[in-house]
Amino acid sequence: MPEYQAPLRDIRFAMNELLDFESHYANLNGCEDATPDLVDAILEEGGKFAAQVLSPLNQVGDQQGCTLVDGQVRTAEGFKEAYQQYVEGGWPSLAQNPEFGGQGLPESLAAVIAEINGTANWSWGMYPGLSHGAMATVQAHGTPEQQAMFLAKLIEGLWTGTMCLTEPHAGSDLGLLRTKAEPAEDGTYRITGTKIFISAGDHDMAENIVHIVLARLPDAPAGVKGISLFLVPKFNIDGDGNLLDRNSVSCGSLEHKMGIHGNATCVMNFDGARGYLIGQPGRGLNCMFTFMNNARLFVAQQGVCHAELSYQGALTYARDRLQMRSASGVKAPDKSADPIIVHPDVRRMLLTQKAYAEGGRALTYLLAQQVDRAHKATDPDDREDAEKLLALLIPIAKGFLTEAGVEAANLGIQVYGGHGFISEWGMEQILRDARIAPIYEGTNGIQALDLLGRKVIGSKGELLEHFIGHANAFIDSQADNAAMAEFVAPLQANLQRWVKLTHTVVARTQSNPDELGAASFDYLMYAGYTVLAYIWARSAAVAQHKLDAGSDETAFYQAKLTTARFFFQRLLSRNEGLARSLEASGETLMAMDAQAF
């Protein structure tokens with residue numbers, strides 16, 4: 001397994017040089033404590049914890065997995081102790097409300113720490129990661145009494161949270177769920193039903209687990225409008241949050257999975273469990289979207305995490321592994337063969353991983369910055385601007401970056417050759433762990449439908465135009481910079497083609513609704529490459545400026561420019577094929593009779 005080291009230099013580039021987090025934090029309500037010195041210290045300590053505590057447990061979690069003993073899930077060796085260190089370090093409270101014991105730092109800073117932890121050990125990182133979504137949901141929709149009962153313990157990390165959505169027969173169609181919620185005389189509810197695929201559904205790392213559960217009230221109509229949302233703790237609590245008896249919720253079984261073995265994916269049985277209605281009756285899915293949007297950015301980061309970890313492992317191996325001689329002449333005459341990093345095809349794979357990891361990191365930080373602005377910007381117009389960007393870019397980031405993460409993890413195996421297929425090296429684990437990301441929190445097909453159907457067509461193009469306005473402002477800022485022409489011109493061309501392709505697809509959907517589904521995934525991927533081109537063009541502009549100013553970090557900034565050029569010449573060119581697919585109708589997808597497949 002690669003020995004993960006947090007890429008702090010690149011993290012600081014994205015935060016400080018590309019996105020100017022220092023000025024950003026200065027413009028947020030209540031974030032005055034997020035000084036450069038404090039942020040830097042947090043990054044240093046977060047990197048140490050991830051490298052020294054979490055990374056060594058990554059392969060342990062994969063090999064040992066979780067076990068269900070007498071109705072209680074036991075995590076892999078070292079997981080519980082690592083979580084205790086995490087809580088003692090105050091990490092769960094980093095960006096939480098000071099009213100309930102949080103430190104009140106920006107949410108984007110917590111997102112950076114989540115990436116560091118997730119790259120070191122994704123399975124472990126899911127336990128506290130899901131808790132942040134639960135906290136956001138209670139903070140946004142809970143009553144003052146519910147916040148007093150649940151938030152302090154969640155923020156402290158003594159309790160963790162889950163998201164209980166789907167059921168065996170429902171999948172992503174939540175309108176089909178059957179879990180019932182019966183009102184009780186004391187004002188609570190009795191929740192009965194079975195939920196599946198519940199990440200961190202049960203474990204031994206925290207003293208209580210708060211399940212965020214979708215269920216139906218007795219008089220609820222069919223479909224999604226009949227769904228309400230409930231808080232269901234593993235252990236019942238009193239009004240002050242003190243633990244009482246065990247609630248009637250249990251892990252019925254553990255799912256046997258392809259990857260993320262260190263995280264307990266549970267079948268959860270609710271047998272008249274005591275729950276608390278959160279939000280208004282029938283508005284459960286609306287409330288749950290607070291959790292789901294939080295989770296979708298978290299999953300977008302998963303693609304970055306697996307790309308980064310696979311890249312680190314592949315790069316180390318490529319520098320050490322000797323095979324054959326370079327076609328352009330011997331590069332290591334003192335050795336029996338040249339290291340494989342000299343070979344063009346190996347560099348193709350490494351640069352693809354690097355472009356996805358670093359570009360994806362900057363994109364997720366940009367989105368985390370918008371989360372800050374949406375919640376804490378002093379100007380209402382800034383909040384509205386951020387919300388529009390998030391609405392369009394979240395499905396793009398979740399869909400595209402998770403596909404990219406799988407590709408990067410797959411390339412990591414290929415760099416190792418036969419050794420990549422052998423478990424002891426740890427590269428195949430990264431691919432197995434990465435493969436779930438395009439599926440959960442809404443499959444990428446659903447993300448694509450959301451992007452094209454709800455966000456682009458549903459807003460009548462307003463959200464797309466809003467983002468393109470931001471991109472065009474950057475393009476205009478580089479009008480007199482000849483050195484940036486190689487990036488700005490293709491970016492502008494792809495943006496213009498994006499608009500044209502949108503009109504083409506929308507026109508076809510008027511006469512055939514299936515055209516929406518036929519085009520949506522290719523549309524998402526085209527959007528993803530274009531948005532990442534915007535990120536890489538901005539990165540190239542910063543790097544070129546630093547070089548022109550005489551920076552003594554020449555190698556770092558030259559590598560940025562080289563990676564940007566690689567992305568534009570070898571990866572953005574994939575949009576040509578995607579555009580041809582989008583220009584074609586969906587007739588070939590739907591022409592064959594279902595029985596003929």
Open item on the list: Among the numbered criteria (1) surrounded by 24 or more Cβ atoms within 10 Å (Cβ to Cβ); (2) in a helix (DSSP H, G or I); (3) touching a Gly at 6+ places or on another chain (Cβ under 9 Å), which one does Ala437 miss?
Closed with: (2)
- [ ] Evaluate the following for Ala507: is it over 25 Å from the mean Cα position of the chain (by Cα), over 26 Å from Thr443 (Cα atoms), in the same structural domain as Lys560 (by TED's automatic domain parsing) and aliphatic (A, V, I, L, M)?
- [x] no
TODO: Output the residues belonging to region 317-353 that are out of contact with any Asp or Glu (no Cβ under 9 Å at 6 or more places or on another chain) and among the charged types (D, E, K, R).
DONE: Arg319, Asp320, Arg321, Asp334, Lys335, Asp338, Asp345, Arg347, Arg348
Open item on the list: Quick check on my filter: what residues within region 20-36 are touching a residue at least 60 places away in the same chain (Cβ under 8 Å) and in a helix (DSSP H, G or I)?
Closed with: Phe21, His24, Tyr25
TODO: Return the pairs, sorted by first residue and then second, in which the second residue is polar (S, T, N, Q), the first residue lies in region 382-397 and is within 25 Å of Ala357 (Cα to Cα), the beta carbons are less than 7 Å apart, and the residues are 6+ apart or on different chains.
DONE: Ala386/Gln370; Leu389/Gln370; Leu390/Gln370; Ile394/Asn293; Pro395/Gln447; Ala397/Thr364
Open item on the list: Residues to consider are Ala170, Ala120, Ala134; find the one that is buried (at least 17 other Cβ atoms within 10 Å of the Cβ), out of contact with any His (no Cβ under 9 Å at 6 or more places or on another chain) and over 23 Å from Val39 (Cα atoms).
Closed with: Ala170
- [ ] Working only within region 91-100, note down all residues that are farther than 17 Å from Glu115 by Cα and either surrounded by fewer than 17 Cβ atoms within 10 Å (Cβ to Cβ) or polar (S, T, N, Q) (or both).
- [x] Gln96, Asn97, Pro98, Glu99
TODO: May I ask you to verify whether Ala537 is within 17 Å of Phe474 (Cβ to Cβ), surrounded by 17 or more Cβ atoms within 10 Å (Cβ to Cβ), modelled with pLDDT of 95 or more and under 24 Å from the mean Cα position of the chain (by Cα)?
DONE: yes
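Is there a residue being under 28 Å from Ser248 (Cα atoms), among the hydrophobic types (A, V, I, L, M, F, W, C), assigned to a helix (DSSP H, G or I) and within 17 Å of the chain's Cα centre (by Cα) anywhere in region 104-124?
yes
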TODO: Could you list, in sequence order, all residues of region 1-34 that are of a type in the set (Asp, Glu) and within 20 Å of Asp382 (Cβ to Cβ)?
DONE: Asp20, Glu22, Glu32
Task: Number of the condition not met by Asp219 [criteria: (1) touching a residue at least 12 places away in the same chain (Cβ under 8 Å); (2) in a loop (DSSP other than H, G, I, E, B); (3) not aliphatic (A, V, I, L, M)] - done: (1)
- [ ] Scan Pro168, Pro92 and give me the residue that is at pLDDT 95 or above and farther than 22 Å from Asn247 by Cα.
- [x] Pro92
TODO: Consider only pairs whose beta carbons are under 9 Å apart and that are at least six residues apart or on different chains; among these, list those whose first residue lies in region 563-579 and is in contact (Cβ under 8 Å) with a residue 40 or more places away in the chain and whose second residue is aliphatic (A, V, I, L, M) and surrounded by fewer than 21 Cβ atoms within 10 Å (Cβ to Cβ).
DONE: Thr563/Leu351; Phe566/Leu351; Phe567/Leu351; Arg570/Leu351; Leu571/Leu351
- [ ] Return the only residue of Glu81, Glu77 being in a loop (DSSP other than H, G, I, E, B), closer than 30 Å to Arg246 by Cα and either touching a His at 6+ places or on another chain (Cβ under 8 Å) or not assigned by TED's automatic domain parsing to the domain that holds Phe556 (or both).
- [x] Glu77
TODO: List the helices (runs of 4 or more DSSP H) that sit entirely inside region 505-597 and contain at least 1 residues that are within 17 Å of Gln492 (Cβ to Cβ) and out of contact with any Leu (no Cβ under 8 Å at 6 or more places or on another chain).
DONE: 514-548, 554-566, 574-583
Open item on the list: Quick check on my filter: what residues within region 78-101 are in contact with a Pro (Cβ under 9 Å, 6 or more places away or on another chain) and within 13 Å of His375 (Cβ to Cβ)?
Closed with: Ala95
TODO: Specify which of the listed residues (Val87, Val60, Val39, Val53) is more than 29 Å from Ala148 (Cβ to Cβ), touching a Gly at 6+ places or on another chain (Cβ under 8 Å) and part of a helix (DSSP H, G or I).
DONE: Val60
TODO: Report yes if some residue within region 309-317 is under 27 Å from the mean Cα position of the chain (by Cα), surrounded by fewer than 19 Cβ atoms within 10 Å (Cβ to Cβ) and either at pLDDT below 95 or under 30 Å from Met126 (Cα atoms) (or both); otherwise report no.
DONE: yes
Task: Within region 349-381, tally of residues that are more than 21 Å from Ile11 (Cβ to Cβ) and without any contact (Cβ under 8 Å) to a residue 40 or more places away in the chain - done: 4
TODO: Kindly provide the set of residues from region 368-423 that are under 12 Å from the mean Cα position of the chain (by Cα) and either among the β-branched types (Val, Ile, Thr) or more than 18 Å from Met525 (Cα to Cα) (or both), ordered by number.
DONE: Ala368, Ile394, Ile396, Thr402
Task: Members of region 126-185 that are assigned to a strand (DSSP E or B), touching a residue at least 40 places away in the same chain (Cβ under 8 Å) and basic (Lys, Arg) - done: none
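The values are calculated or read from the model by the stated rules, or taken from the named source; none is laboratory data. Note that the structure is a prediction, hence the values are computed from the model and not measured. Neighbour counts are summed over all protein chains in view; Cβ atoms, including those assigned to glycine, are modelled from backbone coordinates with ideal geometry.
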